[in-house]
Structures are given as structure tokens and as C-alpha cells.
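Notes follow the structure.
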Amino acid sequence: MFNIVIFGKPGSGKGTQAIYLKDKYDLYHISTGDLFRKNITKKTGLGLEAKNYLDNGDLVPDTVTIKMLENEVLSNKHAKGFIFDGFPRTLKQAESLDLFLESINLRINATIALDVNEDELIDRLLERGKINNRSDDQDIEKIKNRFNEYNTKTSILINFYDKQDKFFSVDGKGSVNDITLRLFDLIDTLI
Ligand code: AMP
């Protein structure tokens, strides 16, 4: 079983690339952002709890996010492997994920970051905001807040996974296809 975390700032292409990786390596794709948005659309209790955080570009509290992630893994535990997209985003989430996976005899094999600078990401997110309905992609202040959340709470995970020799970074600039091929090349050396 091969389990990957796809890592990077908002707009770095995690979701786009996760789809290609999921197909190529037969992984089950879990995007915490997508799960929250589905719950918000369906107006579930979880959705109502998460909505304000997403609207403002703040991280949803760990307890809520971790529970949702664990439930999603447990509901799909016969998958050949998982690709975690947008999770973990805090040290607490990363530590909980390791413990949780260990409790079901699984582990993270690799964390792969897509490296793109913030100026390019702002352009990408504002473009994406024109074609989707995400208020957090349409407002520069919300985008900057999401970067701030990443820089203050998520970037420390580079060190967390590096210490476990599981951290890899790929240039996230260029065409979608070029980036996919870079990811395939890297993953093929890891499995
Ligand atoms: P994304 O689609 O990954 O950009 O996530 C959109 C939003 O969902 C984030 O700005 C957060 O509000 C929320 N979110 C997604 N994943 C997490 C997470 N692991 N921890 C906390 N909040 C999250």
C-alpha cells in the first residue's frame, strides 16, 4: 500500500495533480477542502460548522477536520492506497494522522510538495475564482489569509516529514502535463 500526501500552498495544483496520481497509482483521493465544500452544499451539521472558516480562508479547527478525515479513511479502508490532498495542514493533524494510520497498520510513504511562488499563485487563484463559485478564490485578502495560514501553521510540516525522510518537492510551475510527468518520475523512484 502506498500512501501519499500532496502538499503545497493554495493554488499550487494539489487537487489537479491528485486526480492524475489517483488514476495512475490506483489510489483513493481524499481532499479535505472538497469534503468541507460538499458538506456546506448539503447544509450538514459539519458544513454549517465549517462554512465561516472556509469563507474567510481560515483553517477549520483540528478536532473537526481530523475526525472527518479519519471517518473518510475508515469508510474506504479497502483502498489500495490513499492520496491526501489538503491534509494535514497543522502539526496536530500530522501527528494525529501518523498515530491513526499506525493504529490501522498503515503509514505515510511520501509527502510531495508542489513548489510555486506566491505571486503566481495569486494570479492562478484569481483566475480560478472567475470560473468557480469559491468566495475564497475571489478576494485577494482571503487569498492572503490562506497564505498566512499556510506560512504560520502548515509550512512547519516540511520539517516534520523531512525528519522522517519522507519529504520531496517538485517544481510546480509549467504546464499541468509537465508537472504530472515530474510527479510520476519522482513517485516511480519511491515505490
Ligand atoms: P482547499 O480546497 O484545500 O484549498 O481548502 C479550502 C478550505 O477548506 C481551507 O481554506 C480551509 O478553510 C478548509 N480546509 C481544508 N483542509 C483543511 C485542513 N486540513 N485543516 C483545516 N482546514 C482545512
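Here is the figure for the range 39-72: residues that are under 17 Å from the mean Cα position of the chain (by Cα) and away from the ligand (no atom under 11 Å from the Cβ) total 4.
If we scan the range 122-138, do we find a residue that is assigned to a helix (DSSP H, G or I), more than 11 Å from the ligand (Cβ to nearest atom) and within 18 Å of the chain's Cα centre (by Cα)? Yes, the conditions are met somewhere in the range 122-138.
Restricting the search to helices (runs of 4 or more DSSP H) fully inside the range 4-103 and requiring at least 2 residues that are farther than 29 Å from S175 by Cα gives 32-41, 45-56, 62-75, 91-103.
Contact annotation: residue pairs with Cβ atoms under 8 Å, 6 or more positions apart or on different chains, pairing a residue in the range 50-67 that is closer than 17 Å to N151 by Cα and free of Cβ contacts under 8 Å to residues at least 12 places away in the same chain with a partner that is within 7 Å of the ligand (Cβ to nearest atom) and not in a loop (DSSP other than H, G, I, E, B), are P61/Y53.
Output the number of residues of the range 122-133 satisfying the condition of being basic (K, R) and without any contact (Cβ under 8 Å) to a residue 12 or more places away in the chain. Break it down stepwise before answering.
First pass over the range 122-133, keeping only residues basic (K, R): 124, 128, 130.
The next check asks that each one be without any contact (Cβ under 8 Å) to a residue 12 or more places away in the chain; those that pass are 130.
Final tally of qualifying residues: 1.
The single condition among (1) closer than 18 Å to S31 by Cβ; (2) open to solvent by less than 30 Å² (accessible area, probe 1.4 Å); (3) away from the ligand (no atom under 14 Å from the Cβ); (4) not hydroxyl-bearing (S, T, Y) that I187 does not satisfy is (1). Here is a check on your reading of the model: is K22 more than 10 Å from the ligand (Cβ to nearest atom), open to solvent by 40 Å² or more (accessible area, probe 1.4 Å) and not small (G, A, S)? So K22 fits the description; yes.
Give the range 90-121 a look and list any residue that's hydrophobic (A, V, I, L, M, F, W, C) and either free of Cβ contacts under 8 Å to residues at least 60 places away in the same chain or within 16 Å of F167 (Cβ to Cβ) (or both), or say none. Of everything in the range 90-121, those that are hydrophobic (A, V, I, L, M, F, W, C) and either free of Cβ contacts under 8 Å to residues at least 60 places away in the same chain or within 16 Å of F167 (Cβ to Cβ) (or both) turn out to be L91, A94, L97, L99, F100, I104, I108, A110, I112, A113, L114.
Scanning the range 73-94 for residues that are surrounded by 15 or more Cβ atoms within 10 Å (Cβ to Cβ) and away from the ligand (no atom under 12 Å from the Cβ) gives V73, A79, G81, F82, I83.
The values are calculated or read from the model by the stated rules, or taken from the named source; none is laboratory data. The shown structure was predicted, so the numbers you read here are calculated from the model rather than taken from an experiment. Reconstructed Cβ throughout: ideal geometry from the backbone, glycine too, with neighbour counts over all protein chains shown. The area values use the complete protein model at the heavy-atom level, side chains included, leaving out ligands, DNA and RNA. Shrake-Rupley method; radii C 1.70, N 1.55, O 1.52, S 1.80 Å.
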